[in-house]
Amino acid sequence: MIGVVASVLAGFVAGTYVTLLAPIVYLLALRNRDLGLVAYLVYVLYLGNSVTVPTLYSYSGLVNALSLSLASILLLDDVLKRRPAFGKAELLAAAFMALGLAVPEAFLAGAVFYFLLRFRMDARIFAFLGAVTAAFLIVRDQLDFPGAASTQVMAMAAFGIFLAVSSLTWKNLKKREIFSW
């Protein structure tokens, strides 16, 4: 249920009211999982079309993009779980997210806090995020121009996919005798 709360609050942080449709998506998922996933797809497509971020290198653009992205992932988790849960951790995260109405960074802190608790991230994920961030900063001169948010997202996604695929094949490469000295 934290994904519904996060989505609605992220809409207020980012300045879009499309996120008020998140409870409908969740209710449809409670009724039928497949219907909920289709509703989630339509919701995310409509949300992506309703928000414009000129560049991800600007502070406000990055906060808006992260807020909506994190909330959308949490909503997808709720749609897939299909059982309402609201314990102490969710209450603390929701309090931080509600504080995000006044201070947008508090929303991000609450969402990251809940991510750490819910998905049990380890060092490999932080290394992956660090590598994507470093690559994004290295190519800043080529990607930082007004209206380039879609290009920036594509570049970041391409590098992320490259890292994910290379990490999947790295186990197979380590088993070969090519890298043994």
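The values are calculated or read from the model by the stated rules, or taken from the named source; none is laboratory data. Bear in mind that the values here come from a model prediction, so they are computed numbers and not experimental data. No Cβ is skipped: glycine too gets one built from the backbone with ideal geometry, and neighbour counts run over all protein chains shown. Please note that ligands, DNA and RNA were not included when accessible areas were found on the heavy atoms of the full protein model with its side chains. Shrake-Rupley method; radii C 1.70, N 1.55, O 1.52, S 1.80 Å.
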Restricted to region 8-28 and to residues being at pLDDT below 90, among the small types (G, A, S) and part of a helix (DSSP H, G or I), the residue nearest to L108 (Cα to Cα) is A10
Out of (1) open to solvent by 60 Å² or more (accessible area, probe 1.4 Å); (2) more than 28 Å from L137 (Cα to Cα); (3) modelled with pLDDT under 80; (4) of a type in the set (A, V, I, L, M, F, W, C), the one L80 does not meet is (3)
Within region 104-127, residues touching a Ser or Thr at 6+ places or on another chain (Cβ under 8 Å) and either of a type in the set (A, V, I, L, M, F, W, C) or open to solvent by 70 Å² or more (accessible area, probe 1.4 Å) (or both) come out as F107, L108, A111, R124
For region 17-51 the number of residues that are of a type outside the set (G, A, S), open to solvent by less than 50 Å² (accessible area, probe 1.4 Å) and in contact (Cβ under 8 Å) with a residue 40 or more places away in the chain is 3
Checked against (1) touching a residue at least 12 places away in the same chain (Cβ under 8 Å); (2) part of a helix (DSSP H, G or I), T55 satisfies every condition except (2)
